[in-house]
Amino acid sequence: MRLAVIPARGGSKRIPRKNIKPFVGLPMIAWSIRAAIDSQCFDRIVVSTDDDEISQVARTYGAECPFVRPPELSDDHTGTIPVVAHAIAWHNEQGHAVNDVCCLYATAPFMQAQDIQRGLDILHSGNADY
C-alpha cells in the first residue's frame, strides 16, 4: 500500500489553529490533502492528529483519520519521524502492509500533485532510499 501521512497536531503555539486556518478560501490542511488526492499516488491519505476539529476538517476534504495520535506524540517536542512511524505501525497492526510512505505537511499550500508524482518516480527509480 502507498500511504500519505499528514501530521497535524492541534496544539500549535506560534500560530494557534494554523492547520485549519483559512488560506485563499480553504483551510490550510485542505491544500495538502487536495494535492495528495490529485496526485493519484496513494491508496490512503491519513491525517495524524490529536484534535477533533482537525479530524473533521480533514475528512471534509477527503482524508482519513482512522486513529487518534497518542498524547506522547502530540507535544511541542515530538518530531515528524516518530509521528510517521506511528502511522505506519498502526497500519501494519491493522493488516495493511505499507510499501511506500510520503509525509506531507499540513502547512504546505503550494505543494502540487506533480511534485508528489515526481517524488514517487524518483523513489521508484532506485536512486533514493526515501
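The values are calculated or read from the model by the stated rules, or taken from the named source; none is laboratory data. Worth saying up front: this structure is predicted, and the values here are computed from it rather than measured. Cβ atoms come from the backbone with ideal geometry, glycine included; neighbour counts cover every protein chain shown. In case anyone asks, the SASA skips ligands and DNA or RNA and just uses the protein heavy atoms, side chains included. Shrake-Rupley method; radii C 1.70, N 1.55, O 1.52, S 1.80 Å.
A few comments on the model shown:
- The residues of region 39-84 that are open to solvent by less than 10 Å² (accessible area, probe 1.4 Å) and in a strand (DSSP E or B), listed by number, are VAL46, VAL47, SER48.
- Residue pairs whose Cβ atoms lie under 6 Å apart, separated by 6 or more positions or on different chains, with the first residue in region 45-60 and in contact (Cβ under 8 Å) with a residue 40 or more places away in the chain and the second open to solvent by 10 Å² or more (accessible area, probe 1.4 Å) and in a strand (DSSP E or B), are VAL46/GLU64; SER48/PRO7.
- Among the conditions (1) more than 13 Å from the chain's Cα centre (by Cα); (2) on the phi < 0 side of the Ramachandran plot; (3) outside any helix (DSSP H, G or I), GLY95 misses just one, which is (2).
- Restricting region 11-33 to residues that are surrounded by fewer than 19 Cβ atoms within 10 Å (Cβ to Cβ) and under 21 Å from ALA87 (Cα atoms) leaves a set whose member that is modelled with the lowest pLDDT is SER12.
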